[in-house]
Amino acid sequence: MATTPASTEREKAARYAGLDAETLIRAFRIMHTARRLDDREIALKRQNRIFFQISGAGHEAVNAAAGLVLRPGYDWIYPYYRDRALCLTLGVTPYEMLLQAVGAADDPASGGRQMPSHWGSPKLHIVSASSPTGTQFVQAVGCAEASRFRGAKSQEITLVAGGDGATSEGEFWEALNAACLKQLPLVFLIEDNGYAISVPLEAQTAGGNISTLVAGFPRLFRQEVDGTDFLASYRALREAEAHCRSGQGPALVHAHVVRLYSHSLSDDERMYKTAAERKGESERDPVVTFPKFLVDEGILDRHALQLIVHDIDEEVHEAAQQALRQDPPARESAMLHLYSDRVDPTSAEFAAAPDFTGDPKTMVDLLNATLREEMRRNPEIVVFGEDVADCSREENLAEIKGKGGVFKVTAGLQIEFGPQRVFNTPLAEAAIVGRAIGMATRGMKPVAEVQFFDYIWPAMMQIRDELATVRWRSNGGFSSPVVLRVPIGGYLNGGGVYHSQCGEVEFTHIPGLRVVMPSNALDACGLLRTAIRSDDPVLFLEHKRLYREPYNRSSHPGRDFTIPFGRAKTVKTGRNLTIVTYGAVVQKALQAAMQVERINQEASIEVIDLRTLAPYDWDAVRASVEKTNRVIVAHEDTISWGYGAELAARIADELFDKLDAPVRRVGALDTWVGYHPQLENAILPQVEDLAREAERLLAY
Ligand SMILES: Cc1ncc(C[n+]2csc(CCOP(=O)(O)OP(=O)(O)O)c2C)c(N)n1
Ligand SMILES: [Mg+2]
């Protein structure tokens, strides 16, 4: 049968996955450019003109395919460090990439703050990449949730990439679970090159194939493909994209690729790969096989191919020369973009006067009221965590009252605002914080809860390496102003080791994070409102023992009542000793002060409640110590290397000549909180401990 021109065209279209010659050639250009950039960077690193290099060699085909199915500046991308060709396809230029390699101030991804290949572009929606291998997965879930939240009919999809090694991280599984539960428009792209540095697949993944392991996830559209084959990759990604864009739920594309160079320039793969294995990998090199295919198919002739290669060499050379001439970041820029330059939560703007109405309310009641009022005011606020909803089975609410948090702080919020804005999550703390980060990156205002401070640790990587770094590492390009509410502390008579922990100092040590710890209902209300209206990530620590204490209640101070961060409150004035403290110890310090003053007529003790721990009110501490000349720093947390150590050191450093006695500290014994009340009392600081130390210091 004679072939008509029309059917030839149709055959070609099918053979080339619907792509025309121009697009196929463009894909080759991108793949080749990516490789030349890697090679150029490697040469520059060897000449000590750049400081790090990690290549994408071998991953280019699936990368270019992914870039072609995404809509730049519309879809959202959480790339992996091997994704140079993906970023080139989306529109990052070779010059921009080289600016990051040289660490130039003008590097648009990070301003010279991040290593090369840590991609980021606000305008292209490439979210600033970090180095931890699995953190991106749960953030991408939050990003996809934001697309859904913004518009039920949104066509936006999010793509998150990772390696075979990264699939071993818990966050990968937490992300898959959340994405499938919510049927999110999220494509997981796993670029499986068979190695995580030197660890081969059979030592990494049970059974040796991640596709098999994820097969049980419901409604997860899966594709396993040769990622060195551009057209096969493109077909797989097109299908995954169509599945996600049409709202059918998440997809996972498992692409088998090769890592043609060592892990990075700090690694030598000849130590763990045989020559035969390396030869086998190089035979699959897409930057060789794809142009060969184009020539064999008559899409490109050899001469045209050579011209393209030559052009790219020129472009990369020019870009490198230009990048090398750019200035490095100024020394004075080191502290820029740690915090928002749009909203300053320490400013006088947040110093609102209370306008009291109603009966005194507990801390729980006022926290709940504040959340409600802020949610009414700002439709972008969402509240989620373990058990925070009234009832996940909404229909039951006709019959039952609902839970609303293990401490009831969020009670009634789901009933008022609905399950889109207030919902329970799986029991997965890294995912709770990671999802919040993803949502906040998209401009939503997540107020997430970690149920107990004792269980915050699975989220530590998200908090320290992500939440607190994203603004700084992207040089202000991205931010994640999440409020993370966390019940903390002991004095519970039975809380034991795992329901009594403090440890706030682990977080005050993190640049870029605000840490707040109110001691009473009024401050909790004003500080939570400031936290929500601020543009920085805030760890909001709620002391469990103080939730329902009658002594710290307050009438409602008004719907716009805020308290600036970094403003201490002098809860009692005095002349010859200062106790600086916060949280549950504020009341104990007051009691101790009154006890000592009753016995000792000369004693006059000032008590300062710091209220926010980062930033803290140094001016208030200094003014008080200059007046009293004696100071105790007291807290519930363990004493060694504690919050008090920093304050004591600074007082000794800056106020040495004002002191009439050594700086004293009071805190918990350096151990865990015991279950039996007698043990707990012996471990945590008590009124008597504070009174004893006050007497000793006054007598010094
Ligand atoms: C959480 C974390 N642990 C360890 C590392 C160090 N590290 C960097 S890359 C890497 C291997 C990653 O392997 P894979 O995900 O397969 O990606 P590939 O490098 O093979 O593309 C390791 C262990 C890291 N960056 N983050
Ligand atoms: Mg790998």
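Are any of the residues in the stretch 89-96 within 15 Å of D327 (Cα to Cα) and either over 24 Å from the mean Cα position of the chain (by Cα) or in a helix (DSSP H, G or I) (or both)?
From the stretch 89-96, those within 15 Å of D327 (Cα to Cα) are 95-96; that's our starting set.
In the following step, the residues that additionally are either over 24 Å from the mean Cα position of the chain (by Cα) or in a helix (DSSP H, G or I) (or both) were identified as 95-96.
For the stretch 89-96, residues within 15 Å of D327 (Cα to Cα) and either over 24 Å from the mean Cα position of the chain (by Cα) or in a helix (DSSP H, G or I) (or both): present.
Might you check whether a residue that is assigned to a helix (DSSP H, G or I), touching a Lys or Arg at 6+ places or on another chain (Cβ under 7 Å) and within 13 Å of V388 (Cα to Cα) occurs anywhere in the stretch 405-418? Yes, the stretch 405-418 contains a residue that is assigned to a helix (DSSP H, G or I), touching a Lys or Arg at 6+ places or on another chain (Cβ under 7 Å) and within 13 Å of V388 (Cα to Cα).
Taking A369, is it on the phi < 0 side of the Ramachandran plot, assigned by TED's automatic domain parsing to the domain that holds D523 and assigned to a loop (DSSP other than H, G, I, E, B)? Criteria not met by A369. Just so you know, in the stretch 251-307 the residues that are within 16 Å of ligand 2 (Cβ to nearest atom), acidic (D, E) and out of contact with any helix residue (DSSP H, G or I) (no Cβ under 8 Å at 6 or more places or on another chain) include one that is nearest to A85 (Cα to Cα), and it is E281.
Within the stretch 33-50, residues that are under 15 Å from V316 (Cα atoms) have Cβ atoms under 8 Å from residues that are among the acidic types (D, E) and surrounded by fewer than 20 Cβ atoms within 10 Å (Cβ to Cβ) in these pairs: T33/E315; R36/D313, counting only partners at least 6 apart in sequence or on another chain.
Among residues of the stretch 299-312 that are surrounded by 12 or more Cβ atoms within 10 Å (Cβ to Cβ), those with a Cβ under 8 angstrom from a residue that is part of a helix (DSSP H, G or I) and hydroxyl-bearing (S, T, Y), sequence gap 6+ or separate chain, pair up as I312/T33. Only one entry in V483, V470 is more than 20 Å from V388 (Cβ to Cβ) and not assigned by TED's automatic domain parsing to the domain that holds I77, namely V470. For the stretch 522-541, indicate whether the set of residues that are under 25 Å from A593 (Cα atoms), over 25 Å from the mean Cα position of the chain (by Cα) and at pLDDT 95 or above is non-empty. Checking the stretch 522-541: at least one residue is under 25 Å from A593 (Cα atoms), over 25 Å from the mean Cα position of the chain (by Cα) and at pLDDT 95 or above. Residues in the stretch 261-272: is at least one over 21 Å from R29 (Cα atoms) and hydrophobic (A, V, I, L, M, F, W, C)? Scanning the stretch 261-272, I find at least one residue that is over 21 Å from R29 (Cα atoms) and hydrophobic (A, V, I, L, M, F, W, C), so the answer is yes. A single member of S117, S128 is assigned to a loop (DSSP other than H, G, I, E, B), surrounded by 22 or more Cβ atoms within 10 Å (Cβ to Cβ) and within 16 Å of ligand 2 (Cβ to nearest atom), and it is S117. The set of residues in the stretch 471-506 that are surrounded by fewer than 24 Cβ atoms within 10 Å (Cβ to Cβ) and in a helix (DSSP H, G or I) comprises W472, V505, E506.
Run down E241, E191, E224 and say which single residue is closer than 29 Å to W76 by Cβ, assigned by TED's automatic domain parsing to the domain that holds A146 and part of a helix (DSSP H, G or I). Before you say what the answer is, go through the steps one by one.
Values: E191 fails: part of a helix (DSSP H, G or I); E224 fails: part of a helix (DSSP H, G or I).
After ruling out the rest, the residue left standing is E241.
Just for helices (runs of 4 or more DSSP H) wholly inside the stretch 1-80: which have at least 2 residues that are in contact with a strand residue (DSSP E or B) (Cβ under 7 Å, 6 or more places away or on another chain)? Explain how you work it out, then say what you get.
Values: elements: 5-15, 21-46, 60-69.
Those helices (runs of 4 or more DSSP H) span 60-69.
The single condition among (1) modelled with pLDDT under 95; (2) at positive phi that N629 does not meet is (1). Taken over the stretch 562-579, residues that are assigned to a loop (DSSP other than H, G, I, E, B) and within 22 Å of V516 (Cβ to Cβ) amount to 7. Pairs, please: C-beta under 7 Å, at least 6 apart or cross-chain, first residue within 30 Å of K279 (Cβ to Cβ) and free of Cβ contacts under 8 Å to residues at least 12 places away in the same chain and in the stretch 240-264, second in a loop (DSSP other than H, G, I, E, B) and within 16 Å of ligand 1 (Cβ to nearest atom)? Close Cβ pairs satisfying both conditions: S262/D268. Note on the stretch 176-206: residues that are polar (S, T, N, Q) and more than 16 Å from ligand 2 (Cβ to nearest atom) total 2.
Run E626 past the list (1) touching a helix residue (DSSP H, G or I) at 6+ places or on another chain (Cβ under 6 Å); (2) crowded, with 17+ Cβ neighbours inside 10 Å and report the number of the one that doesn't hold. With (1) touching a helix residue (DSSP H, G or I) at 6+ places or on another chain (Cβ under 6 Å); (2) crowded, with 17+ Cβ neighbours inside 10 Å applied to E626, the lone miss is (2).
Quick one: which residue in Q204, Q183, Q223 is within 13 Å of ligand 1 (Cβ to nearest atom) and among the polar types (S, T, N, Q)? Working first, answer last.
Working: Q183 fails: within 13 Å of ligand 1 (Cβ to nearest atom); Q223 fails: within 13 Å of ligand 1 (Cβ to nearest atom).
Selected residue: Q204, the only one of Q204, Q183, Q223 that is within 13 Å of ligand 1 (Cβ to nearest atom) and among the polar types (S, T, N, Q).
Please note which strands (runs of 3 or more DSSP E) are completely contained in the stretch 580-698 and include at least 2 residues that are of a type in the set (D, E) and under 31 Å from the mean Cα position of the chain (by Cα).
Where strands (runs of 3 or more DSSP E) fall fully within the stretch 580-698 and carry at least 2 residues being of a type in the set (D, E) and under 31 Å from the mean Cα position of the chain (by Cα), they are 631-638.
Could you count how many residues in the stretch 149-175 are part of a helix (DSSP H, G or I), away from ligand 2 (no atom under 16 Å from the Cβ) and surrounded by fewer than 23 Cβ atoms within 10 Å (Cβ to Cβ)? So the count comes out to 4.
The values are calculated or read from the model by the stated rules, or taken from the named source; none is laboratory data. Owing to the predicted nature of the structure, the values given are computational and were not obtained by experimental measurement. Reconstructed Cβ throughout: ideal geometry from the backbone, glycine too, with neighbour counts over all protein chains shown.
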